[in-house]
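K.L.:
My structure is below; once you've seen it, I'll send some questions.
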Amino acid sequence: MDTLHRRFSFTVQESQIGLRLDVVLSECLADCSRSYAAQLIQQGTVQVNRKLCKPSYHVRLEDCVSGDLPEPTPCEFSPEAIELTILFEDPFLIVINKPPGLVVHPAPGHPSGTLVNGLLHHCPDLAAFGGEIRPGIVHRLDKDTSGVMVVAKQPSTHEQLAAQFQNRTVRKTYLAIVQGDVNPSRGEIHLPIGRHPIARKQMSTVAGKMRSAETHYRVREALNGATLLELDLKTGRTHQIRVHCAAIHHPVVGDPVYGGRNRAVIRRSAGSVKGVATQVRRQMLHAWRLGFTHPVNGQWYQFEADIPEDMQALIMCLRDSADR
């Protein structure tokens, strides 16, 4: 991309064939959500092979996608009365259960209605530290990933929690519904991860500049055409679980980036299972448990967040279909 003039141009790769134009655009442009990508396309600022297309256009190999990005407008980080599910709070930190669909911090395409906006309403002092974009935020979850997050309420707490994440002393355990029957029932994935050479928002296990990544998993339950996995992150790379699961040919159900062309469909002959799976609106990934040492009292704290309703519903449906 020509960042000086904010023009961009890229060629569709084999891994992107058949994806919607707005999906591909959100993958390839940094800090561009799918809704913002669709807005740009509808405004006529994006062309495919020098022609205007709809957001629903399915791209083809070697399509040339180009356009102009409008100059970014400053985001106002205003406090907003957003309901937060608080698992724990003291004068030093707050632990929340982030729902799916909630963006962590403002960015182009979603300048408000984020977790940061809600936190600033709940804890006004957060604005004084942690960076103007991510006040108090120590780590993040993807928009469509639910689960436990810890946020610092004081500068010293922020520094110490950040050090724990960097030193890998925080324990992070996720639950995911993945496609297919996972075998063996326990395993370790040691595959380095780096930024995708073409899609700037996408990670890959075959990128140029790689960093080590390690994920341990165990099967919690075999479902009808899918598996409920419990995964421990030993490292904290971007999209690590989603990339690693896709790399072992068991992508997370509903993953819009790494799930493949039929990413929302559990490949099974039973029509009822396929019908349920195609209703999945996000990746079925949940940050179930988070453990860390309290920066002030030195005690080990561990928090769990219940599996959200949409994941529970899919699990129950797959169980029922297996009994038919």
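The values are calculated or read from the model by the stated rules, or taken from the named source; none is laboratory data. Only a predicted model underlies this, so the values are computations on that prediction, with no experimental measurement involved. Methodologically, a virtual Cβ is constructed for each residue, glycine included, from the backbone with ideal geometry; neighbour enumeration extends over all protein chains shown. The protein model used for the area step is the full one, side chains on, heavy atoms only, and it has no ligands, DNA or RNA in it. Shrake-Rupley method; radii C 1.70, N 1.55, O 1.52, S 1.80 Å.
K.L.:
Please go through (1) open to solvent by 30 Å² or more (accessible area, probe 1.4 Å); (2) of a type in the set (A, V, I, L, M, F, W, C); (3) modelled with pLDDT of 95 or more for ILE94 and return the number of the only condition it doesn't satisfy.
P.N.:
Against the list (1) open to solvent by 30 Å² or more (accessible area, probe 1.4 Å); (2) of a type in the set (A, V, I, L, M, F, W, C); (3) modelled with pLDDT of 95 or more, ILE94 comes up short only on (1).
K.L.:
Suppose the filter is assigned to a helix (DSSP H, G or I) and open to solvent by 50 Å² or more (accessible area, probe 1.4 Å); does ASP310 pass it?
P.N.:
yes
K.L.:
Test each condition in (1) at pLDDT 90 or above; (2) within 15 Å of PRO99 (Cα to Cα); (3) out of contact with any Leu (no Cβ under 8 Å at 6 or more places or on another chain); (4) not in a strand (DSSP E or B) for ARG281 and report the one that comes out false.
P.N.:
All conditions pass for ARG281, except number (1).
K.L.:
Just for the stretch 1-21: of the residues that are modelled with pLDDT of 80 or more and basic (Lys, Arg), which one is nearest to MET203 (Cα to Cα)?
P.N.:
ARG20
K.L.:
So which pairs qualify, if the first residue must be in the stretch 289-303 and touching a residue at least 60 places away in the same chain (Cβ under 8 Å) and open to solvent by less than 40 Å² (accessible area, probe 1.4 Å), the second must be polar (S, T, N, Q) and part of a loop (DSSP other than H, G, I, E, B), the Cβ gap must be under 9 Å, and the two must be at least 6 apart or on different chains?
P.N.:
PHE292/THR169; PRO295/GLN154
K.L.:
Let me ask another. Just a yes or no: is a residue in the stretch 216-232 at pLDDT 90 or above, touching a helix residue (DSSP H, G or I) at 6+ places or on another chain (Cβ under 7 Å) and open to solvent by 20 Å² or more (accessible area, probe 1.4 Å)?
P.N.:
Among the residues of the stretch 216-232, not one is at pLDDT 90 or above, touching a helix residue (DSSP H, G or I) at 6+ places or on another chain (Cβ under 7 Å) and open to solvent by 20 Å² or more (accessible area, probe 1.4 Å), which makes the answer no.
K.L.:
Shifting gears a bit: Which residues, counting only those in the stretch 154-209, are basic (Lys, Arg) and either surrounded by 14 or more Cβ atoms within 10 Å (Cβ to Cβ) or closer than 30 Å to CYS123 by Cβ (or both)?
P.N.:
Listed by number, the residues that qualify are ARG168, ARG171, LYS172, ARG195, ARG200, LYS201.
K.L.:
Which fully enclosed strands (runs of 3 or more DSSP E) of the stretch 178-264 have 1 or more residues being closer than 23 Å to SER146 by Cα and among the polar types (S, T, N, Q)?
P.N.:
Strands (runs of 3 or more DSSP E) meeting the threshold: 214-222, 226-233.
K.L.:
Being in contact with a helix residue (DSSP H, G or I) (Cβ under 7 Å, 6 or more places away or on another chain) and either at pLDDT 95 or above or under 24 Å from GLN283 (Cα atoms) (or both) is true for just one of ALA127, ALA152, ALA176. Which residue is that?
P.N.:
Numbers: ALA127 fails: either at pLDDT 95 or above or under 24 Å from GLN283 (Cα atoms) (or both); ALA152 fails: either at pLDDT 95 or above or under 24 Å from GLN283 (Cα atoms) (or both).
Answer to the selection: ALA176.
K.L.:
Ok, one more. Among VAL48, VAL65, VAL24, VAL59, which is modelled with pLDDT under 90, open to solvent by less than 80 Å² (accessible area, probe 1.4 Å) and touching a strand residue (DSSP E or B) at 6+ places or on another chain (Cβ under 9 Å)?
P.N.:
Step by step, each of VAL48, VAL65, VAL24, VAL59 is checked, and only VAL24 is modelled with pLDDT under 90, open to solvent by less than 80 Å² (accessible area, probe 1.4 Å) and touching a strand residue (DSSP E or B) at 6+ places or on another chain (Cβ under 9 Å).
K.L.:
Given the criterion under 29 Å from ARG281 (Cα atoms), modelled with pLDDT of 90 or more and open to solvent by less than 10 Å² (accessible area, probe 1.4 Å), identify the matching residue among GLY147, GLY101. Working first, answer last.
P.N.:
Working: GLY101 fails: open to solvent by less than 10 Å² (accessible area, probe 1.4 Å).
Only one candidate qualifies: GLY147.
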